[in-house]
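*Asks:* Attaching a single structure in structure tokens format; questions to follow.
The values are calculated or read from the model by the stated rules, or taken from the named source; none is laboratory data. The structure presented is a predicted model; accordingly, all values stated were derived computationally and were not measured. Here the Cβ positions follow ideal geometry from the backbone for every residue, glycine too, while neighbour counts run over all protein chains shown. These area figures cover heavy atoms from the full protein model, side chains too; ligands, DNA and RNA do not enter into them. Shrake-Rupley method; radii C 1.70, N 1.55, O 1.52, S 1.80 Å.
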Amino acid sequence: MQLRDFKARKVTDDVMWVGAIDWDRRIFDELIPLPDGTSYNSYLIRGSKHTALIDTVDPAKTEVMLSRIKSTGIEKIDYIIANHAEQDHSGSIPIVIEQHKEAKVVVTEKCKGMLCDLLHIDAERMLVVKDGDTIDLGGLTLQFIHFPWVHWPETMLTWLPERAVLFSCDLFGSHLATGDLFADSQADVLLGAKRYYAEIMMPFRSNINKQLAKINDLEISYIAPSHGPIFNIPNFITDAYLDWVSSPPRNLVVVPYISMHDSTRQMVEYFVDGMARRGICTEQINLGDGDIGKLAMLLVDAATVVVGSPMVLMGAHPKVVYAAYLLNILRPKLLHLSILGSFGWGGKLVEQLLGVMPNIKAEVLPPVLCKGAPKADDFAAIDALVAAISERHAALSNKLTRKS
Ligand code: FEO
């Protein structure tokens, strides 16, 4: 294979970035929109005795990674650390172990099974490490920190104490294609990281909150995730995560909706305007544009969601059902939930939507459904909903103020 000429980039002494930037990718898992592309970060660490590769790249970018590795002059890789079995990080391992016949793939026990199943990697090529185990590279040590469910059950982080680098794989990552190797403290990185957290990590926030204690005492200089820039100001991202996973919801109402013939839109806009008059930040999200990431990001902080849908064939609009299903699996911190909608002759819109959200343990405030276009009594019912939500948000704001 003729390799194009890509170069490794220095992270810190003995640590090089040999990953790939995917500027043009627009969807991940055929589910998650990538408006800003993504990257697959792979890192090469050179000890005096051994060399290790931390994670690889998506199979579509194998050639780029191999070219960057070649540019370092390193000819022998002894260990390939598979922090996570998902193919955007493990997918190039088969080619690397083909080229480096003596290399061992370092994994958790669960990851071993997954790499056998997903990539048909021979179990004999794998070295299972327990939580806290270390590998001596010669002057440099790799320590493995088991960190399951961020976001698969087999995940671990790798700590390089002599350089104070934490290789965190998906945790702290962002789907962001950029030429910047480091994040410094740029707002767009934080936005990308929040989008990533919302779409991938939010369902596991309780688990992450508990596990963050495992890295509390590390004196970290760099957090090197497997997507997006490296954090050379680690608190920038760890503080953000702590807030996302553990802070109470904010004074924010989110209204994901669809309207077919304007009736639902009239209800939604009247509701949003009413909330604004009460001084409560309310975001109206038209589900027709297809970017569920925007909705997911708002759900990180929202205290209330009001779903808007017309009736279609006796139920909610399919795009609203899809959004409700996502709401259910993303498990945000919501405290209150309600529904606005319009119907022509009948149906089970409310029952259907609540039925797809069993994980949402929020208080359900009386939905407002109207026949055809909304009339005076429908707007009065929306006024009552605005009042009920405002009352609850006022109580929440008082609680937040007392805490701060
Ligand atoms: Fe970036 Fe879970 O893979």
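*Asks:* Could you tell me which residue of the stretch 345-356 is nearest to Val386 (Cα to Cα), considering only residues that are modelled with pLDDT of 95 or more and open to solvent by 10 Å² or more (accessible area, probe 1.4 Å)?
*Replies:* Looking at residues that are modelled with pLDDT of 95 or more and open to solvent by 10 Å² or more (accessible area, probe 1.4 Å), I get Val350.
*Asks:* Moving to a separate point now. Considering only residues that are modelled with pLDDT of 95 or more and in contact with a helix residue (DSSP H, G or I) (Cβ under 6 Å, 6 or more places away or on another chain), look in the stretch 1-43 and name the one that is nearest to Pro229 (Cα to Cα).
*Replies:* Tyr40
*Asks:* Would you tally the residues in the stretch 216-240 being open to solvent by 10 Å² or more (accessible area, probe 1.4 Å) and either within 16 Å of the ligand (Cβ to nearest atom) or in contact (Cβ under 8 Å) with a residue 40 or more places away in the chain (or both)?
*Replies:* Matching residues across the stretch 216-240 total 11.
*Asks:* Condition check: hydroxyl-bearing (Ser, Thr, Tyr), open to solvent by 10 Å² or more (accessible area, probe 1.4 Å), touching a strand residue (DSSP E or B) at 6+ places or on another chain (Cβ under 8 Å) and within 20 Å of Ile80 (Cβ to Cβ). Does Thr178 satisfy that?
*Replies:* Criteria not met by Thr178.
*Asks:* Step by step: first the residues of the stretch 59-107, then only those that are in a loop (DSSP other than H, G, I, E, B) and in contact with a helix residue (DSSP H, G or I) (Cβ under 6 Å, 6 or more places away or on another chain), then the one that is nearest to Tyr43 (Cα to Cα). Which residue is that?
*Replies:* The extreme case among them is Ala82.
*Asks:* Among the listed residues Ile54, Ile74, which satisfies the condition of being more than 20 Å from the chain's Cα centre (by Cα) and either open to solvent by less than 10 Å² (accessible area, probe 1.4 Å) or on the phi > 0 side of the Ramachandran plot (or both)?
*Replies:* Ile54
*Asks:* Still on this structure: With the condition being closer than 25 Å to Ala395 by Cα, I'd like the strands (runs of 3 or more DSSP E) fully within the stretch 287-372 carrying at least 3 qualifying residues.
*Replies:* So the answer is 304-312, 336-343.
*Asks:* Moving on. Can you name every residue in the stretch 20-41 that is within 12 Å of the ligand (Cβ to nearest atom), open to solvent by less than 50 Å² (accessible area, probe 1.4 Å) and outside any strand (DSSP E or B)?
*Replies:* Leu34, Asn41 - these are the residues of the stretch 20-41 that are within 12 Å of the ligand (Cβ to nearest atom), open to solvent by less than 50 Å² (accessible area, probe 1.4 Å) and outside any strand (DSSP E or B).
*Asks:* Under 8 Å between Cβ atoms, which residue pairs at least 6 apart in sequence (or on different chains) link something in the stretch 162-186 that is touching a residue at least 40 places away in the same chain (Cβ under 8 Å) and among the acidic types (Asp, Glu) with a partner that is open to solvent by 10 Å² or more (accessible area, probe 1.4 Å) and within 14 Å of the ligand (Cβ to nearest atom)?
*Replies:* Asp170/Glu86; Asp170/His151; Asp170/Ile200
*Asks:* On to the next question. Tally up the residues in the stretch 185-202 that are open to solvent by 30 Å² or more (accessible area, probe 1.4 Å) and either within 23 Å of Asn216 (Cβ to Cβ) or within 13 Å of the ligand (Cβ to nearest atom) (or both), please.
*Replies:* 3
*Asks:* Given the criterion open to solvent by 10 Å² or more (accessible area, probe 1.4 Å) and free of Cβ contacts under 8 Å to residues at least 40 places away in the same chain, identify the matching residue among Asp262, Asp243.
*Replies:* After applying the criteria, what remains is Asp243.
*Asks:* Another question, then. For the condition more than 16 Å from the ligand (Cβ to nearest atom), under 28 Å from the mean Cα position of the chain (by Cα) and either on the phi > 0 side of the Ramachandran plot or open to solvent by less than 10 Å² (accessible area, probe 1.4 Å) (or both), what is the one hit in Ala164, Ala103?
*Replies:* After ruling out the rest, the residue left standing is Ala164.
*Asks:* Given the structure, is Lys110 open to solvent by 30 Å² or more (accessible area, probe 1.4 Å), part of a helix (DSSP H, G or I) and in contact with a Pro (Cβ under 9 Å, 6 or more places away or on another chain)?
*Replies:* The answer is yes for Lys110.
*Asks:* Right, another one. From the list Lys10, Lys49, exactly one residue is more than 26 Å from Pro148 (Cα to Cα), touching a Leu at 6+ places or on another chain (Cβ under 9 Å) and part of a strand (DSSP E or B). Which is it?
*Replies:* From the options Lys10, Lys49, the qualifying one is Lys10.
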